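The values are calculated or read from the model by the stated rules, or taken from the named source; none is laboratory data. As the structure is a prediction and not an experimental result, all values here were calculated from the model. Backbone-built Cβ (ideal geometry, glycine too); neighbour counts: all protein chains shown. Please note that ligands, DNA and RNA were not included when accessible areas were found on the heavy atoms of the full protein model with its side chains. Shrake-Rupley method; radii C 1.70, N 1.55, O 1.52, S 1.80 Å.
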Amino acid sequence: MTETNKHQRMANAIRALAMDAVQKARSGHPGMPMGTADIATVLFTKFLRFDPTDPQWPDRDRFVLSAGHGSMLLYALLHLLGVEEMTIEELQNFRQTDSRTAGHPEYGHAPGIETTTGPLGQGLANAVGMAFAEKLMADRFGSDLVDHRTYVIASDGDLMEGISHEAISIAGHLKLSKLVVLFDDNGISIDGPLSLSESGDQVARFRAAGWNASRIDGHNPDEIAAALEAACTSDLPTMIACRTEIGHGAPTKAGTSASHGAPLGDEEIAGARRALDWTHEPFDIPADVRDSWRIAGLRGAATRKEWEARLAAADGEARGEFQRRIRGDLPPGFAEAMDAYRKQLTADQPNVATRKASEMALDVINEAVEETIGGSADLTGSNNTRSKGLREVTPDDFSGRYVHWGVREHGMAGALNGMALHGGLIPYSGTFLVFSDYCRPSLRLAALMRQRVIYAMTHDSIGLGEDGPTHQPVEHLAALRAIPNLLVFRPADVVETAECWQLALETRDAPSVLALTRQGLPTVRVEHTSDNLCARGAYELSPVDQDAEVSIFATGSEIEIALAAKALLTEAGHPTRVVSVPCFELFAAQSEDYRAGIIGSAPVRIAIEAAIRQGWDRIIGDEGLFIGMEGFGASGPYKELYEKFGITAEATARAAVERLEALA
Ligand SMILES: Cc1ncc(C[n+]2csc(CCOP(=O)(O)OP(=O)(O)O)c2C)c(N)n1
Ligand SMILES: [Mg+2]
């Protein structure tokens, strides 16, 4: 058999598995895997450094299927290469409940699925983060231990999404030379030919962003190999526009959107079998093809073993440190450093904004935890994310630890996910809380994938003042709290800020958002506790030794108001307690007893938060009183805004007294 023949049969195995699995599932996307089978075959058999017997090996090349709808491509590849978990039964169970072969690739379902994709553009941004992480890790540990590439297959839809602009431009700026994007240039999307909605030139676009870019025939294995070869020596990131035919092999549906997202049907599949000269039954891979794929899969083991030998020969301290960071364990001494720091704070009792408190916490954290990589989407001075001595990363020097992401919140958030997925680093960054909306699709995926990505999101309410309602988050806390697995922290002072940062770092399986103020706040935690009180999500900050008539629940900057309201109510003869609620999610995870104790039995419950009420009923109940926002904010000095919107101690005390009178 000639090389070309062998290639064809290996690629056709992917095509057959894709069309048969989609047909069996009665749903899915056959066109993309059939169109990209040639690209993927060359990449996986000749270039990608991947060991199916140890798919998590840290120095493997990363492969990201950004066009996640083509998931059968990835499942077929993992199966053919011999990844143990990806059995033929899994392929036969494509898209079925509890299979590893979900409709779109889901991180954690099987090794070799490097990230969850499906929302177009996200995978591309993840890959930028992975390639970035590789450069950072290589700088720290040397190319003996870290020297791999990141490959992406991206579709028209990936490149039409806005996030692709942000991802591509930061990758070009940073000269991420080991990033290779294979663009499935098939000229088709769901609605039909791309000409319906696109007339740009992707090659020119990537070049303008500082990439190498070329155009090839995506069905010609020699051209694919030559382009990948060239990518390996590039000092810029590479984009290869591979002209392909969607649904390649299907007699009537190839080249049309009819092959994009529906089973081809029995007749069309029979025609494709004839056209591809593939005479085998569904899910039957003939021995010659299976052998060719397994032999290709064996390439990786040797490379992996060489790497293991280099790791074994490395300096013991470096090896230990590398392995610790890859495991994601925090360094010894971190908890002690944080405890000592909190003790100091309760003594000093500074009056600072929590964004400043966050910077102070980061001074301690970044000293103790060298694997953090900080940054901001062009709001460094506002987000206070750059702690003492943190040098910036530049295109020519990856030894720094601070990233100027530019005004690219979405691309940044997607890249942070990629950095966390890569391993060895703990990424955090900042923007204004109101622009969490610009990060949200990536934040949601961080939560779905349970990745430790941390955000310091500042200017967290009308308390930012004069920038006005465009910049004043109102619904954002509720919207973020609605995302499963995401920890949303709103600390009230320096001590709580330190505690929340510590929790965000210690929670390895969830992303966190810290909502932080622009305005100064007094220290309310004036007694040191060795326990991290924020770990409970809510705790009694200011108890009362009689039976309480009023329970006030608040977060962040409104704790100060709650304590002032308590003073007014106490003076008026109404015993009042104040509960701080820095994290709804952690509170919800406590025992029923603990929660009941914190909610208490006072006849009047009031929550104060300079945001909308949504979500608070779980704590204060339907009948509870809420002091907060009902609509958008306004531009003005912040103290006046709190008055204007009635978020004051007086309004709180008045509402409580009125309710007590009504109940009497
Ligand atoms: C953010 C986002 N919007 C919409 C979709 C739904 N969708 C899936 S694939 C696709 C476009 C298909 O075109 P292309 O990306 O070129 O893939 P191809 O049909 O060539 O495989 C769309 C709109 C999605 N997955 N993600
Ligand atoms: Mg397309």
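Using a Förster radius of 25 Å, what is the FRET efficiency between HIS173 and GLU229 based on their Cβ-Cβ separation? Nearest 0.05, please.
Details: r = 25 Å, r/R0 = 1.01.
Calculated transfer efficiency: 0.50.
Nearest 0.05, what FRET efficiency do ASP144 and MET1 give at R0 = 41 Å with Cβ-Cβ as r? Spell out each step's value before the answer.
Values: r = 39 Å, r/R0 = 0.95.
The calculated FRET efficiency here is 0.60.
Do you know the relative contact order of the range 1-68, to the nearest whole percent, from alpha carbon pairs under 8 angstrom that are 6+ apart?
Values: 34 pairs, mean separation 17.9, N = 68.
Once normalised by length, the contact order is 26 percent.
Please report the spacing between the Cα centers of the range 328-363 and the range 70-103 in Å, no decimals.
That distance is 46 Å.
When all protein chains stay in place, what accessible area (Å², nearest 10, 1.4 Å probe) is found for LEU298?
120 Å²
Work out, step by step, the length gained on full extension between ASP531 and ARG327: first 0.36 nm times the residue separation, then minus their alpha carbon distance; give nm to one decimal. List each step's numbers first, then the result.
On the way: separation 204, 0.36 × 204 = 73.44 nm, distance 2.58 nm.
Taking ASP531 through ARG327 to full extension adds about 70.9 nm, to one decimal.
Taking +1 at the Cβ of each Lys and Arg and -1 at the Cβ of each Asp and Glu, which of GLY646, ALA567, LEU81 sits farthest along the dipole of the chain towards its positive end, judged by Cα position relative to the Cα centre?
Checking the options against the dipole of the chain, the answer is LEU81.
Given Cα pairs under 8 Å that are at least 6 residues apart, what percent is the relative contact order of the chain?
It rounds to 12 percent for the chain.
Which lysines, if any, have their Cα less than 30 Å from the Cα of LYS305, not counting same-chain residues under 8 positions apart?
Hits, sequence-local ones excluded: LYS6, LYS46, LYS135, LYS175, LYS178.
Per the helix-only calculation at 222 nm, which mean residue ellipticity applies to the chain, given -39500 (n - 2.57) for every DSSP H run of n ≥ 4 and division by its residues, nearest 500 deg cm²/dmol?
Helix-only estimate at 222 nm: -13500 deg cm²/dmol.
Counting only other residues whose beta carbon sits under 12 Å from that of ALA589, what net charge do I get with K and R as +1, D and E as -1?
Summing Lys/Arg as +1 and Asp/Glu as -1 gives 0.
Ranked from highest to lowest mean number of other Cβ atoms within 10 Å per residue, what is the order of the peptides 143-150, 110-117?
Highest to lowest by the protection proxy: 110-117, 143-150.
Which residue, PRO221, SER257, LEU443, has the largest displacement toward the positive end of the dipole of the chain when charges sit on each Cβ (Lys, Arg +1; Asp, Glu -1)?
The residue sitting farthest along the positive end of the dipole is PRO221.
Taking amide hydrogens as modeled 1.01 Å from N in the peptide plane, which residues meet the under 5 Å criterion relative to GLY121, leaving out close sequence neighbours?
Hits under the 5 Å cutoff: ASP158.
Take peptides 340-348, 28-36 and line them up by average Cβ neighbours within 10 Å, highest first, as a rough protection proxy.
For the peptides 340-348, 28-36, the packing ranking is 28-36, 340-348.
Using Cα positions and a limit of under 19 Å, work out the lysines in reach of LYS253, with same-chain residues fewer than 8 apart set aside.
Result set, ordered by chain and number: LYS24.
Among ALA538, ALA602, THR4, pick out the residue whose Cα is farthest towards the positive end of the charge dipole of the chain, where Lys and Arg carry +1 and Asp and Glu carry -1 on C-beta, about the Cα centre.
So the residue we want is THR4.
Could you tell me how many degrees, from 0 to 90 and to the nearest 10, lie between the Cα long axis of helix 334-348 and the main elongation axis, the longest principal axis, of the Cα atoms of the chain?
Compared with the principal axis, the helix lies near 30 degrees.
In nanometres, what is the gap between the two model label sites at ARG391 and THR570, each 7 Å from Cα along Cα-to-Cβ?
A separation of 5.2 nm, rounded to one decimal place.
Can you tell me what share of the DSSP beta bridges in the chain is antiparallel? A percent to the nearest 5 is fine.
Close to 15 percent.
If you roll a 1.4 Å probe over the heavy atoms of the protein chains, what accessible area per residue do you get for the range 182-281, in Å²?
Accessible area per residue: 47 Å².
Residue by residue through the range 29-40, what is 3J(HN,Hα) from phi via Karplus (6.51 cos²θ - 1.76 cosθ + 1.60, θ = phi - 60°)? Round to whole Hz and write x for glycine and proline.
Per-residue couplings from phi come out as 10, x, x, 5, x, 5, x, 9, 4, 5, 4, 5 Hz.
Which of the GluC sites (Glu not before Pro) across the range 578-664 are loop residues per DSSP, with 15 or fewer other Cβ within 10 Å?
Those that pass, being in a loop and sparsely packed, are GLU623, GLU630.
Report the relative contact order of the range 23-165, percent, no decimals, based on alpha-carbon pairs under 8 angstrom and at least 6 residues apart.
Computed over the range 23-165, the figure is 28 percent.
Hey, if we sort GLU166, GLU306 by accessible area with the 1.4 Å probe, largest down, what's the order?
Numbers: GLU166 35, GLU306 110 Å².
Heavy-atom accessible area, descending, gives GLU306, GLU166.
What does the charge dipole of the chain about its Cα centre add up to, to the nearest 20 debye, if the Cβ of each Lys and Arg holds +1 and the Cβ of each Asp and Glu holds -1? Write out the running numbers ahead of the final one.
Working: 62 positive and 92 negative charges, 157 e Å.
Dipole about the Cα centre, nearest 20: 760 debye.
Give the lysines reachable from LYS639 as a straight Cα distance under 20 Å; neighbours fewer than 8 places away on the same chain don't count.
LYS356, LYS566
From the phi of every residue in the range 277-291, what ³J(HN,Hα) in whole Hz does the Karplus formula 6.51 cos²θ - 1.76 cosθ + 1.60 yield, where θ is phi - 60° and glycine or proline is x?
6, 10, 9, 8, 5, x, 6, 9, 9, x, 4, 4, 6, 4, 4
Give the long-range amide H neighbours of PHE183: residues separated by 5 or more places, or on another chain, with amide H under 5 Å away, using H modelled in the peptide plane at 1.01 Å from N.
ALA154, ILE240, ALA241, CYS242
With every protein chain in place, what's the accessible area of SER99 (1.4 Å probe, Å², nearest 10)?
10 Å²
Which percent of the accessible area of the chain is formed by carbon and sulfur heavy atoms (probe 1.4 angstrom)?
48 percent
On a C-alpha basis, how far is the centre of the range 473-505 from the centre of the range 559-575 in Å? Whole number, if you could?
Their Cα centres are 25 Å away from one another.
Working from Cα positions, state the angle (0 to 90°, nearest 10) between the long axis of helix 316-327 and the longest principal axis of the chain.
The helix 316-327 is inclined about 80 degrees to the chain.
Using packing as a proxy for protection, rank 455-461, 422-428, 48-54, 397-403 so that the peptide with the highest average count of other Cβ atoms within 10 Å comes first.
Working: 455-461: 29.7, 422-428: 24.9, 48-54: 20.4, 397-403: 18.0.
Top to bottom by mean Cβ count within 10 Å: 455-461, 422-428, 48-54, 397-403.
Calculate one ³J(HN,Hα) per residue across the range 97-112 by plugging θ = phi - 60° into the Karplus curve 6.51 cos²θ - 1.76 cosθ + 1.60, and present them in order as whole Hz with x for glycine and proline.
Here the 3J(HN,Hα) series is 3, 6, 7, 7, 9, 5, x, 10, x, 10, 3, x, 6, 7, x, x Hz.
Roughly how tilted is helix 71-81, in degrees to the nearest 10 and between 0 and 90, from the longest Cα axis of the chain?
60 degrees
Between the range 214-273 and the range 311-325, what's the alpha-carbon centroid distance in Å?
Measuring centre to centre over Cα atoms gives 41 Å.
Taking 25 Å as R0, compute the FRET efficiency from the Cβ-Cβ separation of ASN485 and ALA335 and round it to 0.05.
Here the calculated transfer efficiency is 0.60.
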